[in-house]
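Comments concern the structure below.
Read-outs: derived from the displayed coordinates by stated rules, not from any lab. Since we're looking at a predicted model, the values are computed, not measured. Note that we place each Cβ from the backbone using ideal geometry, even for glycine, and neighbour counts take in every protein chain shown.
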Amino acid sequence: MRNPLILLIIFVCILITGCTAIDDPQQQTEFGLVIHGGAGGITRDGFTPEQDAAYREALSVALQAGYDILKNGGSSLDAVEAAIRIMEDDSLFNAGRGAVFTSEGTNELDASIMDGSTLNAGAVAGVKRIKNPITLARLVMEESHHVMFAREGAEAFGEQHGIETVPEDYFFTERRWRTLQRIREREAASDNGGTVGAAALDKNGNLAAGTSTGGRSNKRFGRIGDSPVIGAGTYANNNTCAVSATGYGEYFIRLAVSFDISALMEYKGMALQEAADRVVMEKLPELGGHGGIIAIDRYGNIAMPFTTAGMHRGYVLDDGEIVVKLYGDE
Ligand code: ASP
């Protein structure tokens, strides 16, 4: 040990290990929230100024609600649920009220939520009468021994716990109905934008993520996408990051996109942006899929990569400045 060369080698090794540590260990923010309102072929010229303003307003309101919770010391789970509920209640988004239609002309909603501090998770799939599927997913996580409930069983569980139900026609919106008719005429599946998701870091260093969707327009009834699948559409782990995905769900399931981002950080020591880019910008298109994710890590770093023309998204950190980006805007 007295040999200066050995000491130098040890010193260099420590330096290298430090440099390749899991991510940038500099705390960016005490708390933060990042959300999305769906990825897809959304470009500025497809929106009127009124629609543009409406999306900005809706995303800002969701971010503000989550910010208020986090600033007051509330949990990342509460912030995620609150932000998503607001978007579920807004018919602009393909989640809750504005859910797209299945090929049968019905609405079947999926949602999931995950607590990064315990790895507890809850999910619901194919529900037709639940006003806020994200809240039912949270009930599954907190009030059952299971992770995922589907269809009538999910609804019955929710009703036992006093969840708000609505008649099926609550989800009928003219805009989504017209989309289904257009797709039927073209006999092609497209236009699915509007899934919502959120990921948050709270003052206690806990991460959480959630996702809610009506799925894909004209999907076969009974089809379940990635949004309620833990590790595909949603994942959170206090050691790495919290992720919510949107896009062509089948590919996100096959690649376990959200978990894969976390795993690259955990096992390969990648930083959040690097891990998210590797999965979303390389592995996803290599398989033929498309979409995007939003994520936040334990230091408050944020990543929002997407391969589609656009992804509605936004974030707020502890300085309270609300940032909203629509379409493919940088
Ligand atoms: N990922 C959702 C699904 O496949 C749809 C979307 O995000 O647009 O059900």
Would you mind checking which residues have amide H under 5 Å from residue 130's amide H? H placed 1.01 Å from N; only 5 or more apart, or other chain. 166
Would you mind classifying segment 223-286 by shape? Square roots of the alpha carbon gyration tensor eigenvalues, ordered a ≥ b ≥ c; an a/c under 1.5 is rounded, otherwise it is prolate if a/b is larger than b/c and oblate if not. oblate
GNM, the chain, Cα, under 10 Å: largest mean-square fluctuation among 304, 281, 114? 281
Please determine, in degrees from 0 to 90 and to the nearest 10, the orientation of helix 174-186 with respect to the longest principal axis defined by the Cα atoms of the chain, where the helix direction is its Cα long axis. 90 degrees
So which residue, out of 125, 200, 256, gets the largest mean-square fluctuation from a GNM of the chain using Cα contacts under 10 Å as springs? 256
At 0.36 nm per residue, minus the direct Cα-Cα distance, what do residue 53 and residue 143 gain on full extension? Give it in nm, one decimal, please. 28.5 nm
In terms of the alpha carbon gyration tensor, root eigenvalues a ≥ b ≥ c, rounded if a/c is under 1.5 and otherwise prolate when a/b exceeds b/c or oblate, the chain is prolate
Once Lys and Arg are counted +1 and Asp and Glu -1 for all other residues with Cβ under 13 Å from that of residue 104, the total becomes +3
Rounded to the nearest 5, what % of DSSP beta bridges with both residues in the chain are antiparallel? 90 percent
On a 0 to 90 degree scale, rounded to 10, what angle separates helix 49-71 from the longest Cα axis of the chain? 50 degrees
List the aspartates and glutamates whose alpha-carbon lies under 14 Å from that of residue 219, not counting same-chain residues fewer than 8 positions away? 104, 108, 110, 187, 191, 250
Using the Cα gyration tensor of segment 122-270, with a ≥ b ≥ c the square roots of its eigenvalues, what is the shape: rounded (a/c below 1.5), prolate (a/b larger than b/c) or oblate (neither)? oblate
